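The values are calculated or read from the model by the stated rules, or taken from the named source; none is laboratory data. Just so it is clear, the model here is predicted, and its values are computed rather than measured. Backbone-built Cβ (ideal geometry, glycine too); neighbour counts: all protein chains shown. Keep in mind that these areas ignore ligands, DNA and RNA; they rest on the heavy atoms of the full protein, side chains included. Shrake-Rupley method; radii C 1.70, N 1.55, O 1.52, S 1.80 Å.
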Amino acid sequence: MKLENRVAIVTGGNRGIGLATAQLFTQHGARVAIVGRDEDVGRVALESLHDAIFLQGDVTRADDCERIVRETVHAFGRLDILFNNAGIILRNRNIETTSEAEWDATMDTNVKSVYLMSRAALPHLRATGGGAIVNTASYVGLVGFPGLAAYAASKGAVVNLTRAMALDHAAENIRVNCICPGSVETDMIHDAWKLYGDVEQAARVWASKHPIKRIAAPQEIAELVLFLASDASSFVTGAAIPIDGGITAG
Ligand code: NAD
């Protein structure tokens, strides 16, 4: 039980990487608030979790972020872990074909949310004597990728925001790290395969891009988040860790 007596917030916790992480967190003794926009999806997700609540909210809105943190602390009495994982992707766009609204939505969801949620959470992490923030970046935050201009910019920003936050809060025993996944089998990837046309062919192409010749299961990503959220990583802060089947090693 690596997270006994810990309380965590997982944004985008109602499906995909977030839900797999929330499940692993609760298996390790944590009480978890999962956050998502869709009430029905959240209700279904809760059925696979013990000691968890669902909080509906939009992490691009400051008032929602403050309420999410407030309601979590009200429900569980403390806060130890914040997993800033909610994100969106805009595919097949360079900067000329990205509208201003699409750019803003990508930056607000992927970057501003980390700022807003962390700002709301920090006083509570400090009050518990320290804590862990884990942000979901992407391997596309470490290298460029064609057709993902806004997404790559947003995930690159998450990587460097992680480093800046780690330095700002290290002396308070608040560790801040980010994960940089390669492709992971979630709705986000299935949507990409649908865009491609032939879904089975797309799945093969996506797998072949990774030196390990497959994409990840969400549970494999959750294991790294668990490590970063737990005391097992007590000397790790400011790290941007690729978990990408070797894609950024080349
Ligand atoms: P997903 O689409 O299954 O989940 C995204 C989650 O974010 C959903 O729960 C959604 O409700 C939530 N969300 C989006 N906008 C939100 C908002 N404004 N407010 C509250 N919640 C919001 O995708 P996933 O693959 O599980 O992605 C999780 C994270 O992992 C994202 O940040 C994504 O960019 C990143 N990522 C995914 C992959 C991949 O291949 N799937 C690879 C690298 C990084």
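Quick look at the numbers
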quantity	calculated
Failed criterion for THR97 (all others in (1) within 16 Å of the ligand (Cβ to nearest atom); (2) of a type in the set (Val, Ile, Thr); (3) more than 18 Å from the chain's Cα centre (by Cα) hold)	(1)
Filter result for the condition that a residue is under 20 Å from SER113 (Cβ atoms), open to solvent by 10 Å² or more (accessible area, probe 1.4 Å) and in contact with a helix residue (DSSP H, G or I) (Cβ under 7 Å, 6 or more places away or on another chain), over THR237, THR248, THR186	THR186
Residues of the range 64-118 classified as touching a strand residue (DSSP E or B) at 6+ places or on another chain (Cβ under 6 Å) and aromatic (Phe, Trp, Tyr), total	2
Subset tally (residues that are under 22 Å from ALA132 (Cα atoms) and either at pLDDT 95 or above or buried (at least 16 other Cβ atoms within 10 Å of the Cβ) (or both)) for the range 20-57	23
Subset tally (residues that are part of a helix (DSSP H, G or I) and more than 10 Å from the ligand (Cβ to nearest atom)) for the range 181-211	13
Any hit, the range 85-96, residues being under 24 Å from SER233 (Cα atoms) and open to solvent by less than 50 Å² (accessible area, probe 1.4 Å)	yes
The range 114-149: number of residues that are within 21 Å of LEU224 (Cα to Cα) and either hydroxyl-bearing (Ser, Thr, Tyr) or surrounded by fewer than 16 Cβ atoms within 10 Å (Cβ to Cβ) (or both)	6
Flag for ARG214 being more than 14 Å from the ligand (Cβ to nearest atom) and basic (Lys, Arg)	no
Positions within the range 171-192 being closer than 29 Å to SER234 by Cβ and either polar (S, T, N, Q) or in contact with a Lys or Arg (Cβ under 9 Å, 6 or more places away or on another chain) (or both), in sequence order	GLU172, ASN173, ILE174, VAL176, ASN177, CYS178, CYS180, GLY182
Filter result (more than 12 Å from the ligand (Cβ to nearest atom) and within 16 Å of the chain's Cα centre (by Cα)) within the range 81-93	ILE81, LEU82
Residue check for LYS194: open to solvent by 30 Å² or more (accessible area, probe 1.4 Å) and at positive phi	no
